[in-house]
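Remarks on the structure that follows.
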Amino acid sequence: PRSSARLLVAEGDRITDARVTDLVAWLRPGDRLVLNDTKVIPARLSGYRVRTGAEGETQARIDVTLLEPRAGGRWAALVKPLKKIREGERIIFAAGLTATLEAKEDGQGVLGFDLEGEDFDAALAEAGSMPLPPYIAAKRAADARDKTDYQTVWARHSGAVAAPTASLHFDAPLLQALADKGVQFTHVTLHVGAGTFLPVKVANVKDHKMHAEWGRVTPQAAAEIATTKADGGRVIPVGTTALRLIESAARSGEIAPWEGPTDIFIYPGFEFHVADALMTNFHLPKSTLMML
């Protein structure tokens, strides 16, 4: 069950062993949880390219992980093996979905799909599988249940290629119990990218090139957060993605409506303007999330 996970509560040097269901006891009336309502797309695709040469027709399997959308139905993607496909060649997937490799950039591919909008979404839902994080994918392949399990209960806006995992611990009964306690909720959107898993390989964290992710804080969300701050309540983002977004929207010192890509990098010494606490999962060593 989502809310049965263990919870370590850290208050300065005081540490308490708890469960996620105990959040009701740790939060106070007037606190506001900030929730990332991005929705994970089934970004992993397996297909093949066909090439006709002097020796006849040959095929090669091509695995694709979508990374971020570009204009005109194009996507930046991890393409493996990239060396097996040339620019201009097509990849054929299931559900009638095909793509053309338009370019190779920095070890990635730029794919132009033959479908856009709702047609693309429907084909992707049928042909794709969920992009499980490496610590799960190393143990088993994605299955049909992951399309529900690897998704928050409030997921709304499609575009993420990884789930905001701290949010996976919430279910309807816990949300209701928190609401009954007087805890309030604000939804923001940050489309989590594959860069969230990239390790830091430089000796000085300031030299790390931070990945960018697209996000939005609506005027309503900004107003709700500002009201909680003014009333003395605590603003508590659920997950590093929600934290990263609201702090991007508050670099002036106060929260404001905001939309666009953020490459904010939070590590010790950072000055927080909005967040009073954080609920997060444990993180991979040497990751930017661990530094946060």
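Some values worked out for this structure:
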{"quantity": "Residues (over 25 Å from G159 (Cα atoms) and either among the aromatic types (F, W, Y) or loosely packed, with under 13 Cβ neighbours inside 10 Å (or both)) located in region 237-285", "calculated": "S252, G253, Y267, P268, G269, F270, E271, F272, P285"}
{"quantity": "Looking only at region 71-96, and only at residues there that are hydrophobic (A, V, I, L, M, F, W, C) and either touching a residue at least 60 places away in the same chain (Cβ under 8 Å) or out of contact with any strand residue (DSSP E or B) (no Cβ under 7 Å at 6 or more places or on another chain) (or both), the one that is farthest from Q59 (Cα to Cα)", "calculated": "A71"}
{"quantity": "Contacts under 7 angstrom Cβ, first residue in region 150-166 being at positive phi, partner surrounded by 21 or more Cβ atoms within 10 Å (Cβ to Cβ) and not aliphatic (A, V, I, L, M), 6 or more apart", "calculated": "G159/T38; G159/H191"}
{"quantity": "Conditions (1) open to solvent by 30 Å² or more (accessible area, probe 1.4 Å); (2) within 30 Å of P42 (Cβ to Cβ); (3) modelled with pLDDT under 95; (4) not aliphatic (A, V, I, L, M): number failed by H187", "calculated": "(3)"}
{"quantity": "Residues of region 145-176 classified as at pLDDT below 95, under 22 Å from A277 (Cβ atoms) and of a type in the set (S, T, N, Q), total", "calculated": "1"}
{"quantity": "First in region 47-66 and more than 14 Å from L101 (Cβ to Cβ), second anywhere and aromatic (F, W, Y), Cβ under 8 Å, 6 or more apart", "calculated": "Q59/Y48; R61/Y48"}
{"quantity": "Residue count, region 123-140 (criterion: in contact with a Leu (Cβ under 9 Å, 6 or more places away or on another chain) and in contact (Cβ under 8 Å) with a residue 24 or more places away in the chain)", "calculated": "10"}
{"quantity": "Any helices (runs of 4 or more DSSP H) falling wholly within region 62-172 and containing at least 3 residues that are among the hydrophobic types (A, V, I, L, M, F, W, C) and buried (at least 16 other Cβ atoms within 10 Å of the Cβ)", "calculated": "117-127"}
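The values are calculated or read from the model by the stated rules, or taken from the named source; none is laboratory data. Being a predicted model, the structure only gives us computed values, none of them experimental. Cβ: placed from backbone, ideal geometry, glycine included. Neighbour counts: every protein chain shown. Ligands, DNA and RNA are excluded from the accessible area calculation, which covers all protein heavy atoms including side chains. Shrake-Rupley method; radii C 1.70, N 1.55, O 1.52, S 1.80 Å.
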